[in-house]
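A short write-up of the structure that comes next.
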Amino acid sequence: MKKEKIILLGGGGHCKSVIDVIEQEGRFEIAGIVEKFEGESAPIFGYPLIGTDDELATLREQYSYAFITIGHIASNAVRKKLFSKLKELDFTIPTIISPLSYVSPHATLQEGTVIMHHAIVNAAAKVGKNCIINTKVLIEHDSSIEDNCHVSTGAIINGGVQVMQDTFIGSGTTTKQSICVSGFIKAGSIVK
């Protein structure tokens, strides 16, 4: 069966991790990487640089699928801007799910979200658009992760938690159940 080709926006460390998930998932053939400026980074794992952000309209003539592979630590402004640009150009932005993760059939995921290796998204959990659910994250039942969030490695989001739009949750954070979380939560936090 022929795989659809997909372009990746951003060639840094997060891109490497997403490439690994896409290769494991096996749904897409990676056509190449798009960077902000020409010559900003080198090919990654043999995948070439095929253009810049300014060339997305031209790339849309050849490719239907695109995915944002820029991380979100200090700010998610670039991710949000690129997501809007891809929507404006009518790209299809899939959900990417590692086959080494578990997503309940009773959970909901929206476009542009990546579920990394060994993450768990349990029953009745909801994850919005353009989110990063990183390696070994646990999102428990009835939790809601709104759009443009990054839940970092090893974080535990307990049952019934609402993570507000644009929130960053640092590695190893644990939340109390049934609370609302927003803003920048530093690594290792206990959120009550």
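Here are a few things to note about the model shown:
- Relative contact order of segment 95-191, pairs being alpha-carbon contacts under 8 Å that are 6 or more residues apart, as %: 18
- In order along segment 176-187, phi translates into HN-Hα couplings of 5, 6, 6, 10, 10, 10, 8, x, 10, 9, 6, 4 Hz, rounded to whole numbers, per the Karplus curve 6.51 cos²θ - 1.76 cosθ + 1.60 with θ = phi - 60° and x for Gly and Pro.
- Set of lysines with alpha-carbon distance to Lys81 below 19 Å, sequence-local pairs under 8 removed: Lys36, Lys129
- Calculated translational diffusion coefficient of segment 138-189 (25 °C, 0.890 mPa s; Stokes-Einstein with Kirkwood radius over alpha-carbon pairs) equals 237 µm²/s.
- Taking a Cβ cut-off of under 13 Å around Val161, the surrounding Lys, Arg, Asp and Glu residues balance to a net charge of 0, with basic ones at +1 and acidic ones at -1.
- In Å², nearest 10: area of Lys129 left accessible to a 1.4 Å probe: 70
- Tensor-based shape of the chain (alpha-carbon gyration tensor, a/c under 1.5 rounded, otherwise prolate or oblate): prolate
- Accessible area in square angstrom per residue, the chain, 1.4 angstrom probe: 48
- Full extension of the chain between Met164 and Asp90 gives 24.0 nm of extra length, using 0.36 nm per residue less the Cα-Cα distance.
- Cα gyration tensor shape for segment 4-94, rounded if a/c is under 1.5, else prolate or oblate: rounded
- Translational D in µm²/s for segment 42-88 (Stokes-Einstein at 37 °C, 0.692 mPa s, Kirkwood Rh from C-alpha pairs): 271
- Over the chain, relative contact order from alpha-carbon pairs under 8 Å, at least 6 apart, %: 13
The values are calculated or read from the model by the stated rules, or taken from the named source; none is laboratory data. Bear in mind the structure is a predicted one, so any value in this text is a computation, not a measurement. Counting neighbours? That spans all protein chains shown, and the Cβs are built from the backbone with ideal geometry, glycine included. Quick note on the areas: whole protein, heavy atoms, side chains included, nothing else; ligands and nucleic acids left out. Shrake-Rupley method; radii C 1.70, N 1.55, O 1.52, S 1.80 Å.
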